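Visitor: Structure below; questions to follow.
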Amino acid sequence: MFPNSPGRPPLPHSGYSPSQLLQAQLSFQKHVGTKSSDDGIKVSDSVPAINGSCPAICLSRMLMNGNILPPMSPQPWSYGNHNPMVSPGSSSSTFQNRKRRSDEGNIYDVKRQRFHTPPQSSPAIHQSVPLRDDLRRSFPGSIALPLLQSPAPEINGCASSSRDSWLFDHVELTLPIAKEKLSQQILDLFQACQQQISDLKKKDVCRAELQREIQQIFPQSRLYLVGSSLNGFGTRSSDADLCLVMKEEPVNQKTEARHILSLLQKHFYTRLSYIERPQLIRAKVPIVKFRDKVSGVEFDLNVNNVVGIRNTFLLRTYAHMENRVRPLVLVVKKWASHHGINDASRGTLSSYSLVLMVLHYLQTQPEPILPSLQKIYPDCFNPTMQLHLVHQAPRNVPQYFSKNGASLGELLVGFLKYFAIEFEWGKRTVSVREGKAMARTDGIEWRNKYICVEEPFDRTNTARAVHEKQKFDLIQEEFLKAWVRLRDNRDLNSVLPVQRIIGMQKR
């Protein structure tokens, strides 16, 4: 799936054998310990307590968060029964005595299963326990992938240089001019809710620290920040998606990925005090969900779901090539969430599906506002491109100038109308790859589904679908009601509590 770099000898095709995975799990359990907590996770009595100051990475995270703690004496930390997160009888611990959410069953998407953890009164101080060499794992097929490395955070006004400083480059697009009330309301909402560079930095500092921890177990792995945090469509309240790349070959999600994530879940639980409630979710693409106590961000970590990396940079390019795209996507996501149709775990639309639907609508106008990037620039968005080159694609695509002068308000009304009464759901599929509505086929991936949104890089399969007639009717009803209201009064408040949402962002 991922060809070798020029000049590199071909890699032998190899995966993780069952014996290797079993040995990794047994070795991990042997060295972590055998004492069970009330949660069923084995924790160690043998890991020594660490006395010392906060590591430099911790200091950088507090500085970036704007939270600098007063001088304090270092406290002893232990990752056994005396871990302050899980100490028996501790009233401050909400983790040990809380029953874990079931991770079995028919899960369309776990994105919206948030933890609702009360905010911490002060950031946790990171304590890092050096991992013993006998816990390090190396599997055939794991190579030193030249993947993305993030810039070092700025400390005391000094930042170390990085070859990937593009991550925090702020792409400046002049916002469209609001010619009427509805357009101005959309812009006000967008400016209040869009993700800030400081939000992205907090997420990436956690990613960098986790990569350092994970590489003590899997030295050749790399950790990517993907999804809305990086593609330009994130909000201040967006959670973060992480993709752990282990090797160039695909990973079996039901066996290998679950074994790897199981090891990482236990490692996070027992040794990383700043990670709160790591939970393994056995979905189609299994993940570990957790919350970073320092930044307050919730994360979903998967293994080798590399299509998400490609999608991130495809959407990032769309987001920054036309100045109406991001405000329109944000208001659609806020509207759908407010009306209960933006929750894939409950059978409605995922945020990713909504983004693709907006892009598709902008592509299908009589005078298109967006082109199909995959058709115009096939080399930049080649599904077989090596991962360490994927992030360069947006740099090679020029800004797009559309002759369509529709305002944001007009586009929002048109989008709602298009999917309320114009799009033929029973016959068509939303395709951003082709830039048009595609005819539904008889393939098994399209059967018995009421809404189908094609995955741009994986043409033969889609997980972006609505399966239940009741959910489909609800979605279509909300599109129709919103279209009629905005058509008649052109006031965003008729479909969304704009000022309340903006006020929440200012708290």
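Visitor: How large, in percent, is the carbon and sulfur part of the accessible surface of segment 351-466 at a probe radius of 1.4 Å?
Guide: On segment 351-466, the fraction of accessible area on carbon and sulfur atoms equals 48 percent.
Visitor: So how far, in whole Å, is the C-alpha centre of segment 224-245 from the one of segment 407-446?
Guide: 25
Visitor: If you don't mind, another one. What nm value, rounded to one decimal, do you get for the distance between I197 and Q184 when each label is placed 7 Å out toward the C-beta?
Guide: So the label points at I197 and Q184 sit 2.9 nm apart.
Visitor: Still on this model: Add +1 for every Lys or Arg and -1 for every Asp or Glu among the other residues with Cβ under 11 Å from the Cβ of E410, and state the total. Please report the intermediate quantities before stating the final value.
Guide: Numbers: positive: K179, R324, K417, R487, R490; negative: E180.
Cβ neighbours under 11 Å give a net charge of +4.
Visitor: Roughly how many Å² is the accessible area per residue of segment 236-368, as a whole number, for a 1.4 Å probe?
Guide: I get 22 Å² per residue for segment 236-368.
Visitor: Here is a follow-up. Between rounded, prolate and oblate, where does segment 379-446 land on the alpha carbon gyration tensor, with a ≥ b ≥ c its root eigenvalues, rounded for a/c under 1.5, else prolate if a/b exceeds b/c?
Guide: oblate
Visitor: Ratio to report: Rg/Rh of segment 424-496, with Cα atoms as the point set and Rh obtained by the Kirkwood method; give two decimals.
Guide: Rg/Rh for segment 424-496 comes to 1.07.
Visitor: Return a whole-number percent for the relative contact order of segment 215-327, with Cα pairs under 8 Å and 6 or more residues apart as the contact set. Each step should come with its number before you reach the end.
Guide: Working: 188 pairs, mean separation 34.5, N = 113.
Once normalised by length, the contact order is 31 percent.
Visitor: Tell me, in nm to one decimal, what length is gained between R500 and K375 on full extension, where the rule is 0.36 nm per residue of separation less the Cα-Cα distance?
Guide: This chain segment gains 40.9 nm when fully extended.
Visitor: A further question on this structure: Taking 24 Å as the cut-off for C-alpha to C-alpha distance, list the pairs among K179/K403; K201/K289; K181/K481; K375/K417; K289/K469; K181/K333 that go past it.
Guide: K375/K417; K289/K469
Visitor: If packing is taken as the average count of other Cβ atoms within 10 Å, what order do 223-236, 439-452 fall into, highest mean first?
Guide: Most protected by this proxy first, the peptides run 223-236, 439-452.
Visitor: Divide, for segment 348-507, the radius of gyration over alpha carbons by 2.2 N^0.38 Å, where N is the residue count.
Guide: On the way: Rg = 17.5 Å, N = 160, 2.2 N^0.38 = 15.1 Å.
The reported ratio for this selection is 1.16.
Visitor: How much length would be gained if the chain were fully extended between E468 and N493, taking 0.36 nm per residue of separation minus their Cα-Cα distance, in nm to one decimal?
Guide: Gain in length upon complete extension: 6.0 nm.
Visitor: While we're on this one: Please give the peptides 247-260, 270-283 ranked by average Cβ packing (other Cβ atoms within 10 Å per residue), highest first, as a rough proxy for protection.
Guide: So the peptides 247-260, 270-283, ranked by packing, come out 270-283, 247-260.
The values are calculated or read from the model by the stated rules, or taken from the named source; none is laboratory data. What you are looking at is a predicted structure, and each value in this text was computed from that prediction instead of being measured. All Cβ positions, glycine included, derive from the backbone under ideal geometry; neighbour counts span all protein chains shown. Quick note on the areas: whole protein, heavy atoms, side chains included, nothing else; ligands and nucleic acids left out. Shrake-Rupley method; radii C 1.70, N 1.55, O 1.52, S 1.80 Å.
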